[in-house]
1. For segment B:469-565, what's the radius of gyration and Dmax over Cα atoms, in angstrom?
2. Where in segment A:270-303 does the label zone of A:Arg380 land, with the point 7 angstrom along Cα→C-beta and an amide N cut-off under 17 Å?
3. For the protein assembly as shown, just the Cα set please: Rg and Dmax, both in angstrom.
4. Tell me, how many Å apart are the Cα centres for segment B:71-95 and for segment A:189-238?
5. For label points placed 7 Å from Cα toward Cβ, what is the shortest-first list of nm distances from B:Asp15 to its copies?
6. Over all alpha-carbon pairs in segment A:290-419, figure out the percentage whose distance exceeds 16 Å.
7. Just need the relative contact order of chain B here, percent rounded to a whole number, with Cα pairs under 8 Å and 6+ apart.
8. Considering only Cα-Cα distances, which of the following residue pairs are longer than 22 Å: B:Lys199/B:Lys475; A:Lys307/A:Lys445; A:Lys168/A:Lys445; A:Lys168/A:Lys215?
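None of the figures in this text is laboratory data; all of them are computed from the coordinates on show. Model, not experiment: these values are computed from the prediction. Please note: Cβ atoms are built from the backbone with ideal geometry, for glycine as well, and neighbour counts cover all protein chains shown.
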Protein chains: 2
Amino acid sequence: MRTQYCGQVTAANLDQTVTLCGWVHRRRDHGGVIFIDLRDREGLVQVVCDPDRAEMFGVAESVRSEFVLKMSGKVRRRPAGTENANLTSGEIEVLCHEIEVLNSSVTPPFQLDDENLSETVRLTNRVVDLRRPQMQKNMMLRYKAAMSFRRFLDGAGFIDIETPMLTKSTPEGARDYLVPSRVHPGQFFALPQSPQLFKQLLMVAGFDRYYQLTKCFRDEDLRADRQPEFTQVDIETSFLNEVEITALMEEMTRFVFKETLDVELPSPFPRMSYAEAMRRFGSDKPDLRVTLELTDVTDAVQDVAFKVFSGPATTGGRVAAMRVPGGASLSRGEIDEYTKFVSIYGARGLAYIKVNDAAQPNETGLQSPIVKNLHETALRTILERTGAQSGDLIFFGADKTNVVNDALGALRTKLGHEKGFVTGEAWCPLWVVDFPMFEYDDESKRWTACHHPFTSPKDEHLDLLTTSPGECLAKAYDLALNGWEIGGGSVRIHRADVQARVFDALNIGPEEQQLKFGFLLDALKYGAPPHGGMAFGLDRVVTMMAGAESIRDVIAFPKTQRAQCLLTNAPGEVDEKQLRELHIRLRQKVETQVEVGKS
Amino acid sequence: MRTQYCGQVTAANLDQTVTLCGWVHRRRDHGGVIFIDLRDREGLVQVVCDPDRAEMFGVAESVRSEFVLKMSGKVRRRPAGTENANLTSGEIEVLCHEIEVLNSSVTPPFQLDDENLSETVRLTNRVVDLRRPQMQKNMMLRYKAAMSFRRFLDGAGFIDIETPMLTKSTPEGARDYLVPSRVHPGQFFALPQSPQLFKQLLMVAGFDRYYQLTKCFRDEDLRADRQPEFTQVDIETSFLNEVEITALMEEMTRFVFKETLDVELPSPFPRMSYAEAMRRFGSDKPDLRVTLELTDVTDAVQDVAFKVFSGPATTGGRVAAMRVPGGASLSRGEIDEYTKFVSIYGARGLAYIKVNDAAQPNETGLQSPIVKNLHETALRTILERTGAQSGDLIFFGADKTNVVNDALGALRTKLGHEKGFVTGEAWCPLWVVDFPMFEYDDESKRWTACHHPFTSPKDEHLDLLTTSPGECLAKAYDLALNGWEIGGGSVRIHRADVQARVFDALNIGPEEQQLKFGFLLDALKYGAPPHGGMAFGLDRVVTMMAGAESIRDVIAFPKTQRAQCLLTNAPGEVDEKQLRELHIRLRQKVETQVEVGKS
């Protein structure tokens, strides 16, 4: 129907007759002539309709925004001074000879260039929203990135093997989406939270190198960067160790960024232990573009009079300081705002010390309501360790370790970007390694797996599984980028005896093991090779690449934070007949029936 | 850990030291020497362990089938006469220097080369089953085919856009799999039966060319070539008509077969109308490798005494003949067997006439219990139309049209292959076009959509929508290959007024339209471009390519015909807590409770 895309007509086509199909982006009448910006996925082109061709002009007069047109005409240079350098087609225009309306349009719910739309309006009218050039670019970028992952993995001998969507419910952290079985009354499939067990089975089956770009599902209350269904670049390989796997994954990441964005990521990516990342940045995915750091002062404040510090310092908590260069100029209002911000992360306050000019007669040169309750040794240690200078400000976090890390870690990133404490680099990847195997869950009073129970402990830490689970490190690694975790993985356990010891440490008894993971444990007995892998969050990677505000801007048909599709109105009600076939009933209705039964 | 794959060590590596990882496929002790066939995904290599290296030999003595080994050694030529031409590595062997057991294995549930395993045993032990060289090849072939589809589509400007898995239940033929919502009590998501509506929305959104290799779900009772979840190569394009779309899809199919199997499919594919396919082959996906054909004789037997023929012939049914050259030699037993076979398709018998040598004194030269009830004109017409010669046999089908077509169509394929009535060509693709828009459903007494309600009628048949729906043809096309439907598609309706008329013909009122397809109808108002597409069944295509017996042989983790995964035991029971969170109850349990309530 057309000779090329609208957005691809250029000066190279001068004097050619072209046929184009597209949408009316804008129509302007100017000096008796009609100008139509015709749009398709590749961009815009200006079509000029002169009144001397009456029939064509009559059609042009009838068109409105978002009508679908097919037009033919001659490419000519735009009059001098009317070029548009922002368009690929900006030097030329098409003098219209013929025009045909392929379809009309009612008035669209909003103008495509309206920048002030609520997300509700956008998602309700998603089809029109997706026509916006930015959304077209985002979806193209997503495709480009996905294909780049595929190309690299294909070249490295990985093969895409599809794993089931209808699988078994295995409590693996998050809540499952369930699918009632019609054939087996009272039984349910679960949608996969990840293909973790299947990809391990594929390694045991000898496929050697596996990948898949696949949907995963978690029925959790949604945060800004989460969706009920999300896409994972899922990878597993045999006969490689931790160092080899991370090197390969790093090469892939560089390849994808180069191909997709023409960006050179640093080589090699820096590596940091989990312990160091938490100590220095309060986060296992620190944004290394921010130059601010946390400094541990727990040991220095154990005996101070200020209970807010000495309390956590003497009961296994953490007291950390964060120096803000020149921060003494922060206003009372700004500090109040940051105090409010850290409270989101559970911090009950935000202590600080302003460091005044040392030349002042004031003996410590420090200004803060808390200074009088900290003895001089403590203050000196704090100043020495943070390296604070006159004019600086020191923020403190003092609480349970995770509260301090969450609060100061988040404050570090926020304040760093707001106040310009950044390196100026656009992309700062970081391998975070040496994760602990377990964390202690205060509620259930037992050790839980930090990663998942199939993660291999470090070879030299095997004995710690029994003697000191808290100190046992895992062959696990995360890839952080600009403060986001974009991927994570581990070397898996390939020996049944080690797997059994990990289950012991997790207090998962033989019966529970067999019930939940029996098929994996069985498979491990039949000659499982050493193997490991990684999974990347495609939605996140593309969100970052697109510089988008939300992952919903890189997903064609996303759900809201209430897990709804505003376009199709999913979820929705279903027929009673459907429920009957699935051997289930709604709980609400049932209660009514029970009452009827009683009366 | 290794220098190359086991299956890739060849004479090019002579005298090199290689390090290999793999599984013990077979271990033989011969003349004091141990021979190990080491296996990985690329194939086998023979490892020779001499007793002169005692430590290594000790390890070699300890290994059993399916142990995972890492070994180093020198590549040498096999002694003359011991080469194995079936293996890439068949000219060489590796003289083992070092060996390490990476993992042991209990005795596997079966030998990998056991050809007589039940499917239950194979699926229960799927991980070991997947190690079989044939299954490894099948999964590699599947990947190769999938990547070939992607490469073609990528090159043709199509982009992969992911559509939701958690979507809305819209009765589109088959039964939906439902997913209860936790956040919205009493509401359900449905897993997509196909991304049909979403891909049309993407066209309206202006993405122009879309594809996706995606899982689709149908909760139907399973036949041999069906799975609850299956993979579709889903394609949609704008601004192309029926002829252009099928030409592009044909080019793709040739590309994929060439790249994957190095097979040249015919160019162009033959095209045939649905009506002709049914008339000549009793099937809308005829196997053109079979040379037998059906001949319509309905008009010729309307007034015969034989009620089995005249009944259907005078009440809108069909009477068809199928000539079997040389078939007069079929035995009574064979004919009985075919009679039993057609009964599967609802035929109540299988009438036949044997054509004897015309030189015989018998006046008609025909031999059959039914001849006496057919008058001479009828017999002459039958002989003329079928072209039957002496020594031939003619089978008859006489019943409702669809029963005749199903029964004789199936018999044609079975008998054709069994008795060698085949062209000798390996691959016979066929476009079947000009499908009817609607078929009449006797049960619900109304017209239903043959394809789906978004299929465009032929431009010249628009008026038939109202006057004569049964004669209205659609812009729909199927691609058949060797008797299988491997893909199907259509040009869609892009104008809201045409869509409304189709809904009228289907007797779907405005309220039902809005409820079920409101978001599509809304989208059509905002300037929908002319568009159409197609979907290929990847599982089927690969099954045919692999020459596999079942689609389960080209799916890593398939379900049984009872929709169960024997490996993971999915579906399974779930906790009461999970059901409570989803606001549902099991029907069985509820009934018990109601009774308790009453007592």
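1. Reported Rg and Dmax, both Å: 18.7, 48.
2. Counting backbone N atoms under 17 Å from the label point, the list is A:299-303.
3. 35.6, 140
4. Each part's Cα centre sits 40 Å from the other's.
5. 6.7
6. On the way: 4931 of 8385 pairs.
Of all Cα-Cα pairs in segment A:290-419, 59 percent lie more than 16 Å apart.
7. Values: 1131 pairs, mean separation 79.3, N = 599.
The value is 13 percent.
8. Details: B:Lys199/B:Lys475 18 Å; A:Lys307/A:Lys445 28 Å; A:Lys168/A:Lys445 27 Å; A:Lys168/A:Lys215 16 Å.
Violating the 22 Å Cα-Cα cut-off are A:Lys307/A:Lys445; A:Lys168/A:Lys445.
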